[in-house]
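What follows is a short report on a single structure.
The values are calculated or read from the model by the stated rules, or taken from the named source; none is laboratory data. Here the structure is a predicted model, which means the values were calculated and not measured. Here Cβ is always computed from backbone atoms with ideal geometry, including for glycine, and neighbour counts include all displayed protein chains. All accessible areas refer to the heavy atoms of the entire protein, side chains included, with ligands and DNA or RNA removed. Shrake-Rupley method; radii C 1.70, N 1.55, O 1.52, S 1.80 Å.
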Amino acid sequence: MSHTIQSLYRNILLRLKTIYFAEEAKAIADRVIEHFFYHTPVQRAISGNLPVSDLQVQDVEIAVGRLMQNEPLQYVLGTAWFMDMEFDVSPAVLIPRPETEELVSLILKWYKDTKPGIPLRVLDIGTGSGCIAVAIKRNIPGACVTALDISEGALSVAKSNADKLNADVEFLQCDILGEQHWHDHRYYDVIVSNPPYVTRSEEHKMLSNVLNFEPHAALFVPDNDPLLFYRAIIRFAKNRLHDHGTLWFEINESYGEDLKQLTLDHGFKDVNIIFDFQGKSRFLQCHSTNSPF
Ligand code: GLN
């Protein structure tokens, strides 16, 4: 059957509505048309009767088939927006979340308020798509930004994002749980991390499009050790953060107080738990009191 952009849109929308709420189905159908035909909803209204080739229909059909299996739109299209930048994503990396945009905005505001113009050495631990590291480098061009991840697949996505978005970020493959690699590191002024923090017993609360498609290694921690990565990062930060350096975390809302205690036990000060846009304890900021090396 031959299609115009508008008829193809209506056809996609009808199918998506069988598995998504109407609003979400509409937003997804809009993005699909925009991605394949560069037509925003307004342009579609004006020139939606343009014919679509069979080849184009085939490409769209493949994408819609994947969406109908509940695969997240960002993986299907291969891109996700973060802080007004378009990042490439693949199933090797988590899809950047709005909470993480909030974390970066907090860091940028803190920099502007307290350290304007000061060159910082920043480390992002568990960079995934590279969204935190790239967004910091783009917004604080004088910063020297390093990002690490254990996953080779994630690092290759992150590197190509940094290239595409013209952000000069250094990438390292490193398992932060392996203390033997820590001596390779220099000292930093800021360490930031959004490590895995969802416990296995919270799995049942997650949507199937997250559970079935996003990398579990980037999401989950064992029930009996929910602060596994935080403990390692705090110990690392004690070693590799300059005196009065700042540590920023995205956190599981259920473990804010435990994590606060852990940072205090390790001698960090000014520990601040910050709420996200949903009113959940989602971020932690603290300062090191390391004596200068
Ligand atoms: N915020 C993510 C989610 O709820 C989890 C990210 C993480 O584990 N660091 O899916």
Cross-chain or 6+ apart pairs with Cβ under 6 Å, the stretch 208-221 first and more than 15 Å from Tyr197 (Cβ to Cβ), then open to solvent by less than 50 Å² (accessible area, probe 1.4 Å) and assigned to a loop (DSSP other than H, G, I, E, B): Asn209/Pro72; Phe213/Glu71; Phe213/Pro72
Close pairs (9 angstrom Cβ cut-off, 6 or more residues apart or separate chains): open to solvent by 40 Å² or more (accessible area, probe 1.4 Å) in the stretch 76-92, in a strand (DSSP E or B) anywhere: Trp81/Phe87; Glu86/Thr79; Glu86/Ala80; Asp88/Thr79; Asp88/Ala80
Failed item, numbered, when Asn209 is tested on (1) away from the ligand (no atom under 14 Å from the Cβ); (2) surrounded by 14 or more Cβ atoms within 10 Å (Cβ to Cβ); (3) among the polar types (S, T, N, Q); (4) farther than 21 Å from Phe283 by Cα: (1)
Qualifying residue in the stretch 113-122 (condition: open to solvent by less than 50 Å² (accessible area, probe 1.4 Å) and either within 16 Å of the ligand (Cβ to nearest atom) or on the phi > 0 side of the Ramachandran plot (or both)): no
Qualifying positions in the stretch 52-75 - more than 16 Å from the ligand (Cβ to nearest atom) and either open to solvent by less than 20 Å² (accessible area, probe 1.4 Å) or polar (S, T, N, Q) (or both): Val52, Ser53, Gln56, Gln58, Val60, Ala63, Val64, Leu67, Gln69
Pair list, Cβ under 7 Å, 6 or more apart: the stretch 1-19 residue under 10 Å from Ile33 (Cβ atoms), other residue of a type in the set (Gly, Ala, Ser) and part of a helix (DSSP H, G or I): Tyr9/Ala29; Ile12/Ala29; Leu13/Ala25; Leu13/Ala29
Tabulated pairs, the stretch 95-107, first near the ligand (Cβ under 10 Å from one of its atoms) and open to solvent by 50 Å² or more (accessible area, probe 1.4 Å), second outside any helix (DSSP H, G or I) and not basic (Lys, Arg), C-beta under 8 angstrom, 6+ apart or interchain: Pro98/Phe277
Total residues in the stretch 12-25, condition at pLDDT below 95, surrounded by 15 or more Cβ atoms within 10 Å (Cβ to Cβ) and either touching a Leu at 6+ places or on another chain (Cβ under 6 Å) or part of a helix (DSSP H, G or I) (or both): 0
Members of the stretch 123-132 that are open to solvent by less than 30 Å² (accessible area, probe 1.4 Å) and either out of contact with any strand residue (DSSP E or B) (no Cβ under 8 Å at 6 or more places or on another chain) or on the phi > 0 side of the Ramachandran plot (or both): Gly128, Gly130
Odd one out for Ala217 among (1) part of a loop (DSSP other than H, G, I, E, B); (2) open to solvent by 20 Å² or more (accessible area, probe 1.4 Å): (1)
Conditions (1) under 17 Å from the mean Cα position of the chain (by Cα); (2) closer than 15 Å to Thr127 by Cα; (3) at pLDDT 95 or above: number failed by Lys164: (2)
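Name the helices (runs of 4 or more DSSP H) wholly within the stretch 38-117 that hold at least 3 residues that are modelled with pLDDT of 90 or more?
It comes to 54-68, 73-77, 98-114.
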Matching strands (runs of 3 or more DSSP E) fully within the stretch 221-293 where at least 1 residues are away from the ligand (no atom under 16 Å from the Cβ) and open to solvent by 60 Å² or more (accessible area, probe 1.4 Å): 241-250, 269-275
